[in-house]
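Remarks on the structure that follows.
Bear in mind that the values in this text are calculations on the coordinates, not laboratory data. Keep in mind the model is a prediction, meaning the values are calculated, not measured. Methodologically, a virtual Cβ is constructed for each residue, glycine included, from the backbone with ideal geometry; neighbour enumeration extends over all protein chains shown.
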Amino acid sequence: MIENMESIRVYYHKKRVSLIFETVEGADGDYVVRYSGHKLNAMERRSFEDHLRDVHGIPVLSTEKRFKR
């Protein structure tokens, strides 16, 4: 169950990428999935985001985008 996990690591392009699950406040059972993309270059980050969205139906955000305003 996802509510029992904070994060997992996946293997993508021979690199380990962390996926972090954050609950959305005020929304029961909704999550934001972020990934730590510091090991991926810009093209790999875009490809990783597209792959998770298109193949698995999981929209993800980079952890770097969390603090951008």
Report summary line: Dividing the helical contributions, -39500 (n - 2.57) per DSSP H run of n ≥ 4, by the residues of the chain yields a 222 nm value, nearest 500 deg cm²/dmol, of -7000 deg cm²/dmol
Requested in this report: Could you tell me how many degrees, from 0 to 90 and to the nearest 10, lie between the Cα long axis of helix 42-56 and the main elongation axis, the longest principal axis, of the Cα atoms of the chain?
Outcome: 50
Query raised in the report: Which is farthest toward the positive dipole end of region 2-67 among L52, G37, S7, measuring Cα position about the Cα centre, with Cβ charges +1 (Lys, Arg) and -1 (Asp, Glu)?
Result: G37
Report summary line: In debye to the nearest 20, the charge dipole size for the chain, taken about the Cα centre with +1 at each Lys and Arg Cβ and -1 at each Asp and Glu Cβ, equals 600
Query raised in the report: Based on the Cα coordinates of region 2-67, what is the per residue volume of their convex hull in Å³?
Result: 90
Requested in this report: Compare L19, L40, L52 in a GNM of the chain, Cα atoms joined below 10 Å, and give the one with the largest fluctuation.
Outcome: L52
Report summary line: Here the relative contact order (percent) of region 2-67, from C-alpha pairs under 8 Å and at least 6 apart, is 24
Report summary line: Counting Lys and Arg as +1 and Asp and Glu as -1 over every other residue whose Cβ sits under 9 Å from the Cβ of F21, the net charge comes to -2
